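Asks: Questions regarding the structure given below will be posed in turn.
Readers should treat all values here as calculations from the given coordinates under stated rules, not as data from a laboratory. Quick caveat, the model's predicted, so the values are computed rather than measured. Note: ideal-geometry Cβ built from the backbone for every residue, glycine included; neighbour counts use all protein chains shown.
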Amino acid sequence: MDLFEYQGKELYRKYNILTPKSIVINNLEDLQKIDGTNLNYPLVIKAQVQVGGRGKAGGIKLVNNEGEMITASNEILGMDIKGHIVEKLLIEEASEIEDEYYISFTLDRSSKQYLMLLSSKGGMDIEEVAEKNPDDLIKVYISPSKGLDEGVLKQAIVDAKISKNLEVNICKMIFSLYDLFTNGDCDLVEVNPLAVVNEGQIIALDSKITLDMNAAFRHEEFEEFEKDIPIPKTEKMAKEKGLNFIKLDGSVGIIGNGAGLVMSTLDVVAQEGGNAANFLDIGGGAKAETVSSALEVLEDDSNVKSVLINIFGGITRCDLVANGIVDATKGKNLPWQIVVRLDGTNAREGRSILQENPHENIIVAENMKDAARMAVGV
Amino acid sequence: MSILIDQNTKVVVQGLTGREGQFHSLRNREYGTNVVAGTRPGKGGEEVEGIPIFDSVKEAISETEANTALVFVPPKFAGEAIIESSEAGCSFVVCITEGIPAKDEAKVFDEITNNYKTKLLGPNCPGLISPGKSNVGIMPHEITKSGKTGVVSRSGTLTYQAVHELTQIDIGQSTCVGIGGDPVPGLSFIDILALFESDDDTDSVVMIGEIGGTSEEEAAEFISSSMSKPVVAYIAGVTAPPGKKMGHAGAIISGNKGTAKAKIGALKKAGATVVNDPTELGIALKSLL
């Protein structure tokens, strides 16, 4: 789960990572809260959106007094930045930046090690640095069981051409960030820029953090963060029903069992000239309730014009899935045609259950390609 | 022959007393797999349908000579369970558990690689089956048939789909392996391809990949440099949008990395036959044999 900048900065404070003093506001009335804080002008007003390029879009403004602050806040709140509406602002003290660096921690899938990227060319697009000046991007692979070694880190700081005078402060900062990455169960911790201020103090000016939700059981704060991240209504509904759902742009609603098969169904629909409206995996051992929950979720999406149910029976038996489909649809007015493709364990039995309990809106297809063609053609 | 498991495989199931663990262990035993022991701390001395339960894997091994562990332990404890069976001397560990924190996985791999000779399949995988010999995991054996094609995949249901297609047109399988959908699986495509390449009873390979990471590209390099047997491949997720986890934790296009297009290109260049639809895998392979 991707965090907003202000949420990432809450985590920074928990891990003793220096970041500017700030408050978060939801509306202009909240600006009065500033009086109770000891924030000093100039301040930076930052739109809280999960998309890059907010600075260029006018979502970041420097203000020197209350009047400017109100004007800027009024301008940025509600702004549409690449389809993301600004609902919160982070207002923080502006820093006099002496130098800007880049640092990130991720898990490198090929080497199965943690990867630290460090560069003294901060404040700009790091992929551009990697492409144009690869020598400016220092890569350090870290053994997950041994951890980050101080000697290795010091060498990386030298390699990144960061001044020796800053070594103590920057080491301390990087160890704190590493602590957040590992003990905080983050998939990504990226600070750009990591800034030098006040003659050698190191401060994290931005935050880009992705949490590993598999570790939510050992982090109470994950759930708190999750509550504050808005998700579209249909996705929320699917989540509450325990379904794995992702909204897409097309019109063919997809229900399948197994992530790989569902992904593959989206592809086959596209090959037949259609576009999937969603990814929806009902998982293994699908029961009648799961099928009806899945159909309810699709009913909530007005873009859906037809539905393709694609099931491969392994341990899941197709006859049980067919019973589930019959139970979920019997006597109901369906808003669209449903094409069902059953294959694998007890597929024949499943198909005959559907034929014996016909519904005018349900068609049974012989194979995946035919099913996709029929669902696209409806 | 087959790879990783055969009639001599003796399985200890960690978490055999749980609902899933019990269901699949008994299914595996019914198929003919030597399920010799289960473990559950505090339940040593009990048994489940004639399978003895031990407090630890170490005890289970000394009493039953188990050589392979099958892990059904919940995510919170699965990392420790893998280390326990590796330390106790299992040469092969299969972890079915889904939802293990990435940091736990990374540490477990690192520790196993540095300290033990154990091979780990998974986590978050359906396990593997050598048809007619042994089934270790949750694969439906009904759709398999003994033969000479090796199957390796990141996705459970797509593996079943592919195996089903092969069986329908009378192409049997030597071993079907699900390496799992997590970002950092234990055994990778390359490991399994290398085992198939050196297995006398495997004459061809079906490989099923998906978006995310670069393991298919790495596999393509291996196919090009080191494989003599024909490979037919399918990659899921051509139309998946970037930045979204498509069900599997590892199935995500990050920036411009991990796209299906790049994987398909690399596999084609390496000489593999790549099909557009998973139901075409069987027919495509038949035309090569």
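Asks: Students often forget the sequence filter, so: which aspartates and glutamates lie under 15 Å Cα-Cα from residue A:154 once same-chain residues fewer than 8 apart are removed?
Replies: Reachable aspartates and glutamates: A:167.
Asks: Next question. I want the antiparallel fraction of DSSP beta bridges within the protein assembly as shown, as a percent rounded to 5.
Replies: Antiparallel: roughly 50 percent of the beta bridges in the protein assembly as shown.
Asks: Count the net charge of all other residues whose Cβ sits under 14 Å from the Cβ of residue B:279, scoring Lys and Arg as +1 and Asp and Glu as -1.
Replies: So the environment of residue B:279 carries a net charge of -4.
Asks: 7 Å from Cα along Cα→Cβ at both residue A:236 and residue A:27: what's the point-to-point distance in nm?
Replies: Going by the 7 Å Cα→Cβ label model, 1.7 nm.
Asks: Summarise the partner chain shielding of A:184-190 as one whole number: the mean count of Cβ atoms from other chains within 10 Å of each residue's Cβ.
Replies: Rounded to a whole number, the mean comes out at 2.
Asks: Could I ask something else about it? Any idea which of B:236, B:192, B:283 is furthest toward the positive side of the dipole for the stretch B:191-286, if Lys and Arg beta-carbons carry +1 and Asp and Glu beta-carbons -1?
Replies: The residue sitting farthest along the positive end of the dipole is B:236.
Asks: Using 0.36 nm per residue of separation minus the Cα-Cα distance, give me the extension gain between residue A:125 and residue A:161 in nm, one decimal.
Replies: 11.1 nm
Asks: Run the dipole for the stretch B:140-288 about the Cα centre, Lys and Arg Cβ at +1, Asp and Glu Cβ at -1, nothing else charged, and hand back the magnitude in debye, nearest 20.
Replies: Details: 12 positive and 17 negative charges, 117 e Å.
Approximately 560 debye in magnitude.
Asks: Lysines within cross-link reach of residue B:145: Cα-Cα under 18 Å, excluding same-chain residues under 8 positions apart?
Replies: B:133, B:286
Asks: Continuing with this model, one more query. May I have the extent of the alpha carbons of the stretch A:1-99 along their three principal axes, as whole Å values ordered from largest to smallest?
Replies: 35, 34, 28
Asks: Output the 0 to 90 degree angle, nearest 10, between the alpha-carbon long axis of helix A:318-329 and the longest principal axis computed from the alpha carbons of chain A.
Replies: 90
Asks: Okay, next question. Starting from the Cα-Cα distance between residue B:228 and residue B:117, subtract it from 0.36 nm times their residue separation and give me the gain in nm to one decimal.
Replies: Result for the pair: 37.2 nm of gain on full extension.
Asks: Please give the length that would be gained between residue A:62 and residue A:15 if that part of the chain were fully extended, namely 0.36 nm times their separation in residues minus their C-alpha to C-alpha distance (nm, one decimal).
Replies: Here the segment from residue A:62 to residue A:15 would lengthen by 14.2 nm.
Asks: Then there's this: Relative to the first principal axis of the alpha-carbon coordinates of chain B, what is the inclination of helix B:19-31, with its axis defined by its Cα atoms, in degrees from 0 to 90 and to the nearest 10?
Replies: 80
Asks: Give the long-range amide H neighbours of residue A:316: residues separated by 5 or more places, or on another chain, with amide H under 5 Å away, using H modelled in the peptide plane at 1.01 Å from N.
Replies: Here A:285 satisfy the definition.
Asks: If one takes the longest principal axis of the Cα atoms in chain B, at what angle in degrees, from 0 to 90 and to the nearest 10, does the Cα axis of helix B:260-269 lie?
Replies: 70
Asks: Starting from the stretch A:1-107, pick out the GluC sites (Glu not before Pro) whose DSSP state is loop and whose Cβ has at most 13 other Cβ atoms within 10 Å.
Replies: A:96
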